[in-house]
Amino acid sequence: VVVDPDAEKMKILGYSESDPSKFHEISKGYAMLEFEKLVAAKEEKILYDSTGGDWRKIAGMMEMGKNAGYQICIVYAECSIKNALIRNSERSRVLPDSIILEKSTQISESFTILKYLANMVVHTITG
């Protein structure tokens, strides 16, 4: 089962791809509730889709999963800031460049910490 805060945004009345950040916090809350429900129900496999900017939140989710008996795998797809900005500009749900730049540092720092908490890590680097 995939839990994706961005997918949760699309369920919110009034959501618009032209201003996704307006619904970001509430969609993360919905996704967290879904994650907790799946862990409690012992769903066989859960994939939580995240940029990984908030390492403390993710570490807590990893701990919750481990305590429930899950093996934790982080898949980290890394690309250059240049490519991230290009990809962002070509999609329908465009974020301001300032958010991409801010998140790039947070994501790198999060991965540096979180990779030691996982049972398995897949790290890919693209252009």
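The values are calculated or read from the model by the stated rules, or taken from the named source; none is laboratory data. Keep in mind that this is a model prediction, so the values were computed, not measured. No Cβ is skipped: glycine too gets one built from the backbone with ideal geometry, and neighbour counts run over all protein chains shown. With ligands, DNA and RNA removed, areas are computed over all heavy atoms of the protein, side chains included. Shrake-Rupley method; radii C 1.70, N 1.55, O 1.52, S 1.80 Å.
For this structure, a couple of remarks:
- Sparse-neighbour loop sites [chymotrypsin sites (Phe, Trp or Tyr not before Pro); region 33-120; at most 11 other C-beta within 10 Å; DSSP]: Y116
- Accessible surface of the chain, 1.4 Å probe, proportion on carbon and sulfur as whole %: 57
- Mean ellipticity per residue at 222 nm, deg cm²/dmol - from DSSP H runs of n ≥ 4 across the chain, formula -39500 (n - 2.57): -15500 deg cm²/dmol
- Exposure here means at most 15 other Cβ atoms within 10 Å; with GluC sites (Glu not before Pro) in a DSSP loop as sites, the longest stretch of the chain lacking them is 45-89.
- Spin-label zone in region 27-58 - amide nitrogen under 13 Å from a point set 7 Å from the Cα of K11 along the C-beta vector: 27-38
- Close Lys-Lys pairs in region 1-76, where close means Cα under 17 Å and separation is 8 or more or interchain: 12
- Loop-exposed trypsin sites (Lys or Arg not before Pro) per DSSP, neighbour cap 16 Cβ within 10 angstrom, longest uninterrupted part of the chain: 46-90
- Two-decimal log10 I(q)/I(0) for region 1-63, as the Debye equation yields it once each C-alpha is a single scatterer, q = 0.21, 0.30 Å⁻¹: -0.86, -1.36
- Cα centroid separation - region 1-32 against region 36-82, whole Å: 17
- Note that the chain presents 65 Å² accessible area per residue, ligands and nucleic acids not counted, probe 1.4 Å.
- Once the Cβ-Cβ distance of R93 and V122 is raised to the sixth power relative to R0 = 30 Å, the FRET efficiency obtained is 0.75.
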